[in-house]
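Worksheet: one structure, shown below.
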Amino acid sequence: MRTLFTFHYPADPNAGGPGVTWRLGREYEKLGHEVEFYSLDDLPKKLPPLARFILFPEFTAAKILHSHRHAAIDVIDASTADAWIWGLGLQKLQKQRPLLVARCHGLEHIEHLEYLEESQRGHLKLEWKYPLYRGSIRLWEVATSMRQSDLVLLLNQRDRDFVVEQLGVHPDRAHIVANGIPETMLNLPFEPTPAEPEPIRIAQVSSYIVRKGIQYGTPALNAILKRYPKIEVSLFGTECSADQVYADFDPKVRDRVTVIPYYENHKLPELLKGHHIKVLPTISEGFGVALVEAMACGLAPVTTTAPGPLEIVRDRETGMIVPCRDREAFEQAIETLILDRAFLDRLRRNAYRSAQRYSWQNIAQDNLNFYEMAQRMRA
């Protein structure tokens, strides 16, 4: 089988959507399949970044035509805004058309609603151009791509409910499939929770942006650091300068805050070594692969009722779940784990065991099974 993966972002294996797509493709290759990738990096470099982003579906349609003529493609696995042109018209011209799959890395319609909420709360200033594309045309592109696809793969139940109930995707074509984690993060040695008076270390692994809930999480971490002088906090993968992050922390606690703006994914287990709690105060999350990675490294997650984390974490069994945008509840959940090390250790061990099922080999086979099912339905 030959699969063409497309994703509407630069081809960075250490990034979210592109990273998981790249790893899924590598797993397909291990199983004997042919894989090709197409991303923003493949567009002409002379185009401005915004133009490349907006015109990606047009270039994707041309890429599919070219690839299919030279070597038959069996599956087009496209991120959700990529394949609407192919789906609406060009695929109908093909006698033997490839299976068209729309892969959602987090439904943009739900993300859009959360952005509007944060804007109303005064935490986010949307640029004047936001309604011209991201808040309008792009949402149409996503919906159209899904409606025209043979198979829609989503990461959580809320996204699936939305595309079926609000976007008109047939429920037989909409399915939930998880993301995986590298084999190198499975079955790592587990380090027990230290006894008093050893410090508890907290890690946040995410970009430092409004969608990740920093406007709620950082004040909570500030309060915890002030209250407990032996607590330490690390922020990995902020994708912004350390100075920007440190500016949000009280000067009196900054010596116990570590910021690493960028890291290579394979180095994450070493970075997380000696940490015990993983925090993710996100307001919108399709899945949350960093949650699973941290759990596999033995951290107990404290996260929110965003759709993605609810697929991964069981409250008070493998982590702590609090309502989105509830800073006080987030702070209290962290404090509960700090004050009850036996409970923290139990959650850590349960989280560690739960994460072992997210092998990319298993996830890849789940995806291939969905392909086969969609092909049978289409026949």
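Here are a few things to note about the model shown:
- Listed by chain and number, the lysines placed with their C-alpha closer than 28 angstrom to that of residue 267 are 30, 212, 230, 278; residues fewer than eight positions away on the same chain are left out.
- Length-normalised contact order of the chain in % [C-alpha pairs under 8 Å, at least 6 apart]: 15 percent
- Normalised per residue, the accessible area of the chain is 44 Å², obtained with a 1.4 Å probe and no contribution from ligands, DNA or RNA.
- Hits among lysines - C-alpha to C-alpha of residue 45 under 28 Å, sequence gap 8 or more where chains match: 63, 129
- Placing unit charges on the Cβ atoms of the charged side chains and taking the dipole of region 1-142 about its Cα centre, the candidate lying farthest along the positive direction among 59, 20, 131 is 59.
- With both labels modelled 7 Å from their Cα along Cα-to-Cβ, the residue 70 to residue 342 distance reads 6.5 nm.
- Karplus-derived 3J(HN,Hα), 6.51/-1.76/1.60, for each residue of region 299-313, Hz, glycine and proline x: 9, 8, x, 10, 9, 10, 7, 4, x, x, x, 5, 7, 10, 9
- Atom-type composition of the exposed protein surface of region 213-333 places 48 percent of the accessible area on carbon and sulfur (1.4 angstrom probe).
- Label-point gap, in nm, between residue 353 and residue 58 - each point 7 angstrom along Cα→Cβ: 5.6 nm
- For a label point 7 Å along the Cα-to-beta-carbon line of residue 191, residues of region 298-318 with backbone N under 17 Å: 298-301
- Alpha carbon centroid spacing (whole Å) that separates region 183-216 from region 277-304: 8 Å
- With each label modelled as a point 7 angstrom along the Cα→C-beta vector, the residue 373-residue 270 pair spans 4.0 nm.
- C-alpha center-to-center spacing [region 50-112, region 157-181] in angstrom: 18 Å
The values are calculated or read from the model by the stated rules, or taken from the named source; none is laboratory data. Keep in mind the model is a prediction, meaning the values are calculated, not measured. So basically every Cβ, Gly included, is an ideal-geometry build from the backbone, and we count neighbours across all protein chains shown. Please note that ligands, DNA and RNA were not included when accessible areas were found on the heavy atoms of the full protein model with its side chains. Shrake-Rupley method; radii C 1.70, N 1.55, O 1.52, S 1.80 Å.
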